[in-house]
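The values are calculated or read from the model by the stated rules, or taken from the named source; none is laboratory data. Because the structure is predicted, anything quoted here is derived from the model rather than measured. Every residue, glycine as well, gets a Cβ built from its backbone with ideal geometry; the counts of neighbours run over all protein chains shown. We work out accessible area using only protein heavy atoms, side chains counted, and drop any ligands, DNA or RNA first. Shrake-Rupley method; radii C 1.70, N 1.55, O 1.52, S 1.80 Å.
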Amino acid sequence: MEHLADLVDLYEYRVEDLVAGRVPKGGKKALLQLRAFLAQSRLPGPLAKRFRQADARFRALRPASETPPPPLDLPTLIPPEPAEPEAPQGASALRAIALKVWRLHAGRELKARAKDLLSGRREELRLIHAFLQNYLVYREKEGFKRDFNLSRFVPTHPIPSLSDSLMDLEDPKVAEALLQEFLETALRLPQDLPLPPEETRTYLRRFLNRILEWEEAYGLPPKRDLLALRRALEEARRLGAATQEVARLEERLKREAQEERRRELLLEEERRRFRVAMEKVLGLLNLLPVPQGETPWPQVPEPGKGEDGLLTLTLRPGRIPLGPLTLTLSQVEGIWHLGLAGQDHPLEAGEDALVLTWEDLEVWAVREGDLLHLRLEARSGLRLYELLSEGRVLALLLNPSGDYAYLRLLRALSARLKGEFSPQAFGRELAEKYRQAPLEALQDFARKALELALKRLGPSDPEPLLREVGQALGLEGQAHTLAEALREYLGRRPPTRETLGGEVRFLTLTPEPLALKVGPIVLSLRLREDAVYVGQAGEVPQRLKDLLVYRLPEGAVVLARDGQRLAYLVMGTP
């Protein structure tokens, strides 16, 4: 009962906002959704009367040219919503599926990042809240769609304080919801404005800067009028006021000037902190799909086509092989069900996706109309994907071409970052030591060298220093290739199937030997105690602990292991 009373109060407040000419919080869409919900609820007599009165005021505000919504005879249910149009087919349906898959990936990353933003003064979350409030208000203003440079934008909502009673910024769910709403708002920006998708980051940076330039955004006391005090002091001196009166005015002016100086210093410090937070907020835009961000669109094959762990099909009862799994698709009383390990799970048409867990893997089922997209993904830990991402860089470092040019460049970069770079120390003579080293020892060495170089590099761009050491070693082209690989490795967090090239495959290790076919080559995988040995017939097998780069005549196979699960990625020669 109290819950319904609060909702009726909220509806009355939003209608009052409309009557006063203000945009209700959440916009008109939220108001209409609240109206529909209350209309379907069995409100008791007093609440039903209040709702009818507020609803009559709402309907009276509609322009005469529009057909007013019918009066609601509570507690009768409102008529059902008109049926949604049929789901798009063809390319538009595949695009819609890709968007749902992207939302799953982005949602998981935002959940992890929200935890990192819950410490300290939570400037990032507070800034996002202020942006969303100001954007929703300004979006309803006349001229919004023509004001690309925000010359007419005047902020109306300040940054909330850390102890704002209307926000619970210590709640991880609140933080996650704020990040999701920010990303969705950025995603819809080209629809709200006739703006190229590539300009999303620029527009949002300009919007956030306008908020930070607004002095009232930080909740500080108003600026003191020192000029009026100076004039009063000058007037008192000119008129020959008493010494005590002049001294009182001088003391007051001094005190007010000190307070104003403290306020200016505090304002400067607040702006500095929130500008740092702004860069972190804008960094979230990398999660947007290209061209708005830097995340590749999820790979969605056409219906009837697919690969190991990735499949799109038309809804039809039957068995579906997906990697090491066999799923079942059935229809009962008009509802489709996806079966896994003897359990059936309904595939609701209105849901974005169904996620089923199996050991350390997940099955993602995304439905769009009569199409069903299935994909096999690593569990939320993403350990296999992280190892494969590291392995892609290792495959480059362990490439023997150019006398191990990439490994020499990485070590030269690490020395340059430490300030001890000498071109003679990283010449071709060093490659002879790499050739003589055992494969397992060389890979361990390359992993440690990569870890050390990235630790010294920090958040800096590797391109300038790699270009410098590349020129000194006569390896300019290889230096550019390595810089691109390091930049991608550092920027693709967390890695996904798409950022890894879309060719990730999974295996389940068993006591029996497994055969892995890579083109004309067949590799044998044998599990012995706690290690896996990989090799071809007639050669000494190599040990796979958690990561192994297995060299091929043309490229390499990157194998990653986490428990009984194994993922691999085939790479060509760079």
field: Entirely in the stretch 413-487, the helices (runs of 4 or more DSSP H) that have 1 or more residues that are farther than 30 Å from V532 by Cα, open to solvent by less than 20 Å² (accessible area, probe 1.4 Å) and not hydrophobic (A, V, I, L, M, F, W, C)
entry: 463-473
task: Please state which one of R408, R367, R375 is closer than 30 Å to L310 by Cβ and in contact (Cβ under 8 Å) with a residue 60 or more places away in the chain.
output: R375
message: Conditions first: (1) within 18 Å of L439 (Cβ to Cβ); (2) more than 34 Å from the chain's Cα centre (by Cα). A405 passes all but one, so which condition is the exception?
response: (1)
task: Consider only pairs whose beta carbons are under 7 Å apart and that are at least six residues apart or on different chains; among these, list those whose first residue lies in the stretch 136-158 and is farther than 21 Å from R126 by Cβ and whose second residue is open to solvent by less than 60 Å² (accessible area, probe 1.4 Å) and in a loop (DSSP other than H, G, I, E, B).
output: K145/L193; D147/F153; F148/L195; R152/G143
- prompt: If we keep just the residues of the stretch 220-260 that are among the basic types (K, R), more than 26 Å from S161 (Cα to Cα) and surrounded by 10 or more Cβ atoms within 10 Å (Cβ to Cβ), which is farthest from the chain's Cα centre (by Cα)?
  reply: R237
task: Starting from residues that are under 20 Å from V290 (Cβ atoms) and not aliphatic (A, V, I, L, M), keep the ones in the stretch 174-193 and report whichever is most open to solvent (accessible area, probe 1.4 Å).
output: Q191
field: Selected residue [open to solvent by less than 40 Å² (accessible area, probe 1.4 Å) and at pLDDT below 85] from R497, R505
entry: R497
statement: When every residue in the stretch 210-237 that is in a loop (DSSP other than H, G, I, E, B) and at pLDDT below 75 is compared, the one nearest to E270 (Cα to Cα) is P221
- prompt: So which residues in the stretch 439-475 are free of Cβ contacts under 8 Å to residues at least 12 places away in the same chain and closer than 24 Å to A556 by Cβ?
  reply: A441, D444, F445, K448, E451
message: Residues to consider are A106, A114, A130; find the one that is over 19 Å from A277 (Cα atoms) and either under 21 Å from the mean Cα position of the chain (by Cα) or crowded, with 16+ Cβ neighbours inside 10 Å (or both).
response: A106
message: I'd like to verify a number: residues in the stretch 323-336 that are surrounded by 16 or more Cβ atoms within 10 Å (Cβ to Cβ) and at pLDDT 85 or above, how many?
response: 3
message: Can you confirm whether R206 is open to solvent by 80 Å² or more (accessible area, probe 1.4 Å), within 26 Å of R103 (Cα to Cα) and modelled with pLDDT of 90 or more?
response: yes
query: If only one of T357, T295, T314 is in contact with an Asp or Glu (Cβ under 8 Å, 6 or more places away or on another chain), of a type in the set (V, I, T) and modelled with pLDDT under 85, which one is it?
result: T295
- prompt: Can you tell me which residue in the stretch 133-163 is most open to solvent (accessible area, probe 1.4 Å), limited to those that are assigned to a loop (DSSP other than H, G, I, E, B) and under 17 Å from R201 (Cα atoms)?
  reply: N149
task: Inspect the stretch 119-135 for any residue being of a type in the set (V, I, T) and at pLDDT below 90 and give the result as yes or no.
output: no
task: Hand me the list of strands (runs of 3 or more DSSP E) wholly inside the stretch 512-574 holding 3 or more residues that are touching a Phe, Trp or Tyr at 6+ places or on another chain (Cβ under 9 Å), under 16 Å from L500 (Cα atoms) and touching a residue at least 24 places away in the same chain (Cβ under 8 Å).
output: 555-562, 565-571
